[in-house]
Amino acid sequence: MSTTQSPHIALFPSAGMGHLMPLLRLAAMLAKRNCIVTVITAHPTVSTAESDHIASFLRHNPEINHLKLHLTRGFQIPDSADADPFFLQFHLINQSIHLLHPLLSSSSPPFSAMFVDMFLVAKTVPIAKDLHLPIYVVSTSSVEFVSLMAYFPVIQLKSTEFNNASTEIKIPRLPPMAVSSLPPALLDPSHLFTSIIIMNSQALSEAEGILMNTFEFLQQFQASTLGTLNKERAVASLPPILPIGPLEPYHIPPDGDHHYLSWLENQPSESVVYISFESRTAMSWDQVRELEKGLEKAGWRFCWNLKTSKVDKDDHEGEKDILSDFFVERTKNKGVIIRGWADQQEILLHPAIGGFVSHCGWNSVTEAAWQGVPVLAWPQHGDQRLNAKVVEDAGFGLWERDWDWGVDGIVKGEEIERKIVELMTDEKLREGAKKVREEAWKAVESGGSSDRVIRDVINSLSLPF
Ligand code: UDP
Ligand code: UDP
């Protein structure tokens, strides 16, 4: 017999699949736990992957409501935004945020709470307050990144700590962070990303809590566990860090071309290395050549999700235009190439996959943990070096710190070959990955640490009848 009324929760993601995916996963988890759920998405989206995915998610989850926030055009585009359409989209959503109030206030049944992307919190807080809605931040990254974001205004003030002379920054309760591992954009005070971080950093303290796609074991090798961090926060005003991960993947039956899944069916167990730099990291053509060499020499089977543009709409070339004839000839039957969106979760789940060469976007890290797949961390930008360290410390990944990052960095084929062989043959790594998987599943099962946290949040929002 139920004595409470289910809360109605609004979820508001920002831009890019790395932000959409975790908020949709959370939406599905809340709906499964009897919440009424509405997802609010900004339109038009940057990538086709986002609009396609929103449509198929809603088709397969008809109980989840959808509201569209139509972006206002005509705002001045900041100078630094030209490099990254996703940054520009964060900015545009923030500029159009006044449209959120009417969307929220006209809902029936009325909303009980707002779960908002970490990059939209500052502008959403006043609207939620006006409507007396409690607000929870949804982090799309690690505890390290969120702590860095919260502490960033302090670091900037102590600018001597942050200039070229220093090699590490110290955030209370966390191990020192190498300046070389910080998102490069943060080293530029005039970068749009830096202003987004500062603006949202100061608003974190207005939230009831920060929902994190993580679990205790994944971050226990750091000097402080999540529990300690919550007792003695990096920034005194930071709300509680609420680990609810790994966020449970949902399955949407594939439509379209999924030739790679039938190819994987015919490969021996743990014989294939999966390579993907995810939804918004383009690989340079020079780097493609080196990776070809590395893969060919390493000799392992491969499934390569090949992306040469930042936004999928710009990825026009066929694989034959990009790959060299030599490589295609030498690796016939050894591998499969994916162009366009693939169901990564489905690939990682496949028994044929034995290793994952990943840029270490936080979602990919948690997906590898969920499936117990060993990772070769090859961070490219943003929070990815911080994430690579988590993978290494938790014992399920390798990270070669000397490898260059960013679009101009090139890693040589011989280096890639060496690390792929290590990834696919290191038994300790394989055991480490199995252990992480075991702990991930323990956290999310009924009564596990992440399950308890999410139930507590839901209960706190449920009204008595
Ligand atoms: N993803 C996918 N198929 C693709 C590319 C990406 O399913 O072809 C998913 C991936 O599993 C993850 C998300 O998109 O859930 C990307 O997020 P992540 O944080 O790993 O990286 P980002 O794309 O933000 O750099
Ligand atoms: N980022 C992200 N999710 C996070 C943290 C960071 O997608 O939780 C991304 C952010 O969107 C941006 C990148 O990290 O794309 C910052 O990249 P970088 O510092 O390399 O900026 P750039 O030099 O590419 O402008």
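No value in this document is a laboratory result; all are computed from the given coordinates. Model, not experiment: these values are computed from the prediction.
Entry note, the chain: the mean residue ellipticity at 222 nm calculated from DSSP H runs of n ≥ 4, each adding -39500 (n - 2.57), is -12000 deg cm²/dmol after division by the residues and rounding to the nearest 500. If one takes the longest principal axis of the Cα atoms in the chain, at what angle in degrees, from 0 to 90 and to the nearest 10, does the Cα axis of helix 449-461 lie? Compared with the principal axis, the helix lies near 30 degrees. The mean of 1/r over all distinct Cα pairs in the chain, once inverted, gives the Kirkwood hydrodynamic radius of 22.8 Å.
Rounded to the nearest angstrom and listed largest first, the equivalent-ellipsoid semi-axes of region 314-465 from its Cα gyration tensor are 34, 19, 16. Once the Cα atoms are used to define both axes, helix 384-393 deviates from the longest principal axis of the chain by about 80 degrees. Taking the longest Cα principal axis of the chain as reference, the axis of helix 48-60 is set at about 60 degrees. Here the relative contact order of the chain, from alpha carbon pairs under 8 Å that lie six or more residues apart, stands at 16 percent. Could you name the lysines in cross-link range of LYS428, using Cα to Cα under 28 Å and dropping any fewer than eight places away on the same chain? Straight-line reach from LYS428, under 28 Å: LYS293, LYS297, LYS334, LYS389, LYS412, LYS419, LYS442.
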